[in-house]
Amino acid sequence: MQDKIGKLLEDIEKCGIKFVRLQFVDIHGTPKNMAIPLVKPTDIEAIIKDGILFDGSSVDGFVDINDSDLVIKPDPDTFSTLPWRPEEKGVCRFICDIYWPDGTPFEGDPRYILKKTLAKAEKMGYEYNVGPEPEFFIVDVDEDGNVYPHDEGVYFDVEPVDQGTDMRRELVLGLEELNFDVEVSHHEVGPGQHEIDFKFDHALKTADAFITFKQAIKAIADKLGSMVTFMPKPFFGVNGSGMHCHQSLFKNGENIFFDTDTETQLSEEALHFTGGLLKHSKALSAIVAPSVNSYKRLVPGYEAPVYITYGFRNRSTLVRIPASRGNGTRVEFRSPDPSCNPYLAFAAMLEAGMDGIKNKIDPGKPTELDVYKLSPEELKSMGIETLPSSLWEAYHALEDDEVIKTSLGDHVYNEFYALKRKEWDEYRIQVFQYEVEKYLQI
């Protein structure tokens, strides 16, 4: 640790860092931070060792006002400069863990929830890797507050239809300054919709990176005069934004989802992991598609993964097995959207998959036809169910699923459930213009 801190101090001095941001997330996955001025680089050593006391009662999902003291401690492995801040008197950030004042981990910290689940898998010899594909919209806002897509491009379009090319270039360059290993960027299906994918990695590193990714591209787009939104369905009648998650388990450096001795080259563990995702998919919806707006995306007709089945290369199923094999073998879970808290989402997906392996859950036969074209009667005859169609259905499914509830722990589950009920109640009592137009003359 001392060698690591020594190297860290060298980097801080070399970069001319004058302010340190200590970053964490609330229960929703919203980034929070406090900025600490550095008089000298060695000041950070005491912060890493002892942390800083703060009031956790105003952070969603944390603690009550009568027991509000928490401690924030930076993880030295997460040091990064912020390229959108001034070069002089530079700013760096650390992603932090949250503790009680007695030094025990705070059970309401989403990062702790993921670390705890990963430790459970590591005791079994498994390393869990995730590669998310976050989609987002670049939008502009006029002087009247109206929001509209930045361009009219569609999938894989180029200039001049794709007006986001230069902006994506700036976003990618900024992300590379943050040490992101960007795999691909392109225009997506919807007008103003884009995707930037970063490479498969260890789940904790990926969750940290995703939070930084969202913060970075929002900040960079703002400097360029536009706005990035990760809202799952910002515009009626066009595709929403998803975050397909590619997952695999490694043991001793080898991908255990790959098996040369089977016809499909998929191992039993891969199939059982898939079975776990399918079995728990309704409860997972509350975590991976956590907003009222998420269920405006999860509807048939917009390439949305609403049917609880799996297939090989079949993009109409909830779980897809891409063609890559060897160490690239993976299981793609397609219902998450980028509004989710990645720490909670990855922890819950891992628990679901591990339950599948533990209990040898059979995913059934793969579905290799276009599920979107099946009638309700055909779906019923094939035993294909659908995901929840509302946040109300999703959080009630979570209430009935002990595996997914356990993955969150009592504190996070209770806080999350209460917040989702409140969100649904706020939504359901609203009267929308659609209702006025449809029912006013009744």
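The values are calculated or read from the model by the stated rules, or taken from the named source; none is laboratory data. Because the structure is predicted, anything quoted here is derived from the model rather than measured. Reconstructed Cβ throughout: ideal geometry from the backbone, glycine too, with neighbour counts over all protein chains shown.
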Only one of these conditions is not met by GLU423: (1) within 23 Å of ASN293 (Cα to Cα); (2) outside any helix (DSSP H, G or I). Which number is it?
-> (2)
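So that you can scan it fast, the table gives a plain yes or no per residue for (1) out of contact with any strand residue (DSSP E or B) (no Cβ under 9 Å at 6 or more places or on another chain); (2) surrounded by fewer than 20 Cβ atoms within 10 Å (Cβ to Cβ); (3) among the β-branched types (Val, Ile, Thr); (4) touching a residue at least 24 places away in the same chain (Cβ under 8 Å):
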{"position": "ILE217", "(1), (2), (3), (4)": "no, no, yes, yes"}
{"position": "CYS245", "(1), (2), (3), (4)": "no, no, no, yes"}
{"position": "THR262", "(1), (2), (3), (4)": "yes, yes, yes, no"}
{"position": "ALA270", "(1), (2), (3), (4)": "no, no, no, yes"}
The condition from (1) outside any loop (DSSP other than H, G, I, E, B); (2) within 22 Å of ARG297 (Cα to Cα) that ILE384 misses is numbered (1)
Unmet criterion (only one of (1) closer than 27 Å to ILE27 by Cα; (2) buried (at least 24 other Cβ atoms within 10 Å of the Cβ)) for PHE257 | (1)
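Matching residues to (1) more than 17 Å from SER339 (Cα to Cα); (2) in contact with a Ser or Thr (Cβ under 9 Å, 6 or more places away or on another chain):
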site	(1), (2)
GLY192	yes, no
ILE217	no, no
PHE230	no, yes
PHE236	yes, no
GLN247	yes, no
From the residues in the range 363-405 that are modelled with pLDDT under 95 and aliphatic (A, V, I, L, M), which one is farthest from ASP425 (Cα to Cα)?
-> LEU369
Does GLU263 meet the test of being more than 21 Å from the chain's Cα centre (by Cα) and acidic (Asp, Glu)?
-> yes
If you scan the range 294-327, which residues turn out to be in contact with a His (Cβ under 9 Å, 6 or more places away or on another chain) and either outside any loop (DSSP other than H, G, I, E, B) or surrounded by 23 or more Cβ atoms within 10 Å (Cβ to Cβ) (or both)?
-> PRO305, ARG320
Does the range 228-246 hold any residues that are more than 22 Å from VAL130 (Cα to Cα) and in contact with a helix residue (DSSP H, G or I) (Cβ under 6 Å, 6 or more places away or on another chain), and which are they?
-> VAL228, LYS233
Give the residue, chosen from SER335, SER407, SER339, SER375, that is surrounded by fewer than 19 Cβ atoms within 10 Å (Cβ to Cβ) and either in the same structural domain as PHE258 (by TED's automatic domain parsing) or of a type outside the set (Val, Ile, Thr) (or both).
-> SER375
Given the conditions (1) at negative phi; (2) over 21 Å from the mean Cα position of the chain (by Cα), which single one is not true for ARG313?
-> (1)
Kindly indicate which of LEU391, LEU440 is under 27 Å from GLY353 (Cβ atoms) and of a type in the set (A, V, I, L, M).
-> LEU391
Could you please give the count of residues in the range 252-279 that are within 23 Å of LYS123 (Cα to Cα) and either out of contact with any Phe, Trp or Tyr (no Cβ under 6 Å at 6 or more places or on another chain) or not assigned by TED's automatic domain parsing to the domain that holds TYR307 (or both)?
-> 15
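For (1) farther than 25 Å from ILE113 by Cβ; (2) in contact with a Lys or Arg (Cβ under 8 Å, 6 or more places away or on another chain); (3) in contact (Cβ under 8 Å) with a residue 60 or more places away in the chain, each residue gets a yes or a no:
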position: ARG169; (1), (2), (3): yes, no, no
position: VAL172; (1), (2), (3): yes, no, no
position: PRO191; (1), (2), (3): yes, no, no
position: LYS199; (1), (2), (3): no, no, yes
position: LEU204; (1), (2), (3): no, yes, yes
position: ALA209; (1), (2), (3): no, no, no
position: ASP222; (1), (2), (3): yes, no, no
Flagged in the range 17-46 as surrounded by 14 or more Cβ atoms within 10 Å (Cβ to Cβ) and more than 28 Å from the chain's Cα centre (by Cα), in numbering order, are ILE17, LYS18, LEU38, PRO41, ASP43, ILE44, GLU45
If we ask which residues in the range 22-59 are hydrophobic (A, V, I, L, M, F, W, C), in contact (Cβ under 8 Å) with a residue 24 or more places away in the chain and within 29 Å of LYS422 (Cα to Cα), their number turns out to be 5
State yes or no: is LYS40 over 20 Å from GLU177 (Cβ atoms) and either part of a loop (DSSP other than H, G, I, E, B) or in the same structural domain as ASN414 (by TED's automatic domain parsing) (or both)?
-> yes
The correct count of residues that are surrounded by fewer than 20 Cβ atoms within 10 Å (Cβ to Cβ) and within 26 Å of the chain's Cα centre (by Cα) in the range 345-365 is 1
